[in-house]
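Here is the structure we will look at, set down as structure tokens.
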Amino acid sequence: MKIKVGLLVACAVALVGIARAGKFDETIKAPVAPTRSELEASIRDYFNTYARVNAQFVGGIVRDKVAHAKWFDARWRLGTAIERWKSPVELAEYGITPNGDGSYAIDIVRFPQWDPLDSRLTELLDPKGFEMHAQHLKAMGFRDSDLEQLSSYIATHRPERLAIAENLSLVESFGEKVHAADLGRKKIQDSQVQSFRYQRHRNSAEATRQWAEGLLDSVDYQRQRILTAYFMERESRMTMLPDPPDELDRELADFRSGEYVRALEAERKRMEETPP
């Protein structure tokens, strides 16, 4: 499931995806396409959790790993429903409406639950985006020293750094499983590929949450409140698109060619050579 977020205030957006340590784990399975009642139950549970943690903490689910995981699973289940259900997903009561071309509009103005704070804060990773947001934050009460603290944190902390080692181990171990299956003339099941993708994306999402929590903690409580209010009140839109039908086959082909591991190794090397 592809997700596109468009911000009505133009800026370059650095989209990074969640981190859970270790190699590919056969016991951690990607949720399958839910029934409508199962999907609604998952969304309601997540929305209730979102309301609770946002009432408890500045930064909401950025502060709560378990709550953040519920967001990831609710969105994953929504994605599988959009891809697998034969009829369009009609969930306007949760901000989800079909566009008629296979894609779905997600109303994140009225339903910000679908685009939590950590995802929005990644806009600050782009230097031009940081400059633009800094002007607005200063007008809302940020001091030069607060902006310097944000800038210093961003210069030394990147969500990619938190995720890369975890995902490299995951990719290498799943690649070994693919090659072993090929040698033994056994078939890698689609469910295994989906579980790999689920674990990889969850690693990246958790890394982004941890990064965002550290970003909030780099400034004082008042600035945390301003930062949270500013990013959560900005108008934006989201579109979800189904993956191509051959997406899983392409992932396996990249493993068999070695391209998957080479690309991730190159990213790790780039991150190591980039000053923290």
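The values are calculated or read from the model by the stated rules, or taken from the named source; none is laboratory data. The shown structure was predicted, so the numbers you read here are calculated from the model rather than taken from an experiment. Here the Cβ positions follow ideal geometry from the backbone for every residue, glycine too, while neighbour counts run over all protein chains shown.
Looking at region 181-276, the helices (runs of 4 or more DSSP H) lying wholly inside it that each contain 3 or more residues that are surrounded by 12 or more Cβ atoms within 10 Å (Cβ to Cβ) and among the basic types (Lys, Arg) sit at 190-217.
Within region 42-57, the set of residues being of a type outside the set (Lys, Arg) and either surrounded by 14 or more Cβ atoms within 10 Å (Cβ to Cβ) or outside any helix (DSSP H, G or I) (or both) comprises 42, 43, 46, 47, 49, 50, 53, 54, 57. Across region 1-41, what is the total count of residues that are within 16 Å of the chain's Cα centre (by Cα), modelled with pLDDT under 90 and part of a loop (DSSP other than H, G, I, E, B)? Total satisfying the criteria: 9. For region 82-126, the set of residues classified as among the basic types (Lys, Arg) and not in a helix (DSSP H, G or I) consists of 86, 110, listed by residue number. Among residues that are surrounded by fewer than 17 Cβ atoms within 10 Å (Cβ to Cβ), closer than 30 Å to residue 262 by Cβ and not acidic (Asp, Glu), residue 155 is included. Looking at 234, 209, 120, just one residue is within 18 Å of residue 58 (Cβ to Cβ) and over 18 Å from the mean Cα position of the chain (by Cα), and that residue is 234. Within region 201-225, the residues that satisfy the criterion of being closer than 15 Å to residue 143 by Cα and of a type in the set (S, T, N, Q) are 218, 222, 224. In region 60-71 there is no residue matching the filter, namely being part of a loop (DSSP other than H, G, I, E, B) and either among the polar types (S, T, N, Q) or in contact with a strand residue (DSSP E or B) (Cβ under 6 Å, 6 or more places away or on another chain) (or both).
The listed residues are 172, 160, 166, and the only one of them that is surrounded by 15 or more Cβ atoms within 10 Å (Cβ to Cβ), over 21 Å from the mean Cα position of the chain (by Cα) and under 30 Å from residue 203 (Cβ atoms) turns out to be 172.
All of (1) under 15 Å from the mean Cα position of the chain (by Cα); (2) at pLDDT below 95 hold for residue 83 with one exception: (1).
In the set (1) hydrophobic (A, V, I, L, M, F, W, C); (2) farther than 17 Å from residue 119 by Cβ; (3) at pLDDT below 90, residue 226 fails one condition alone, (3). For region 140-172, a residue qualifies if it is modelled with pLDDT under 95 and either outside any helix (DSSP H, G or I) or on the phi > 0 side of the Ramachandran plot (or both), and the qualifying residues are 157, 158.
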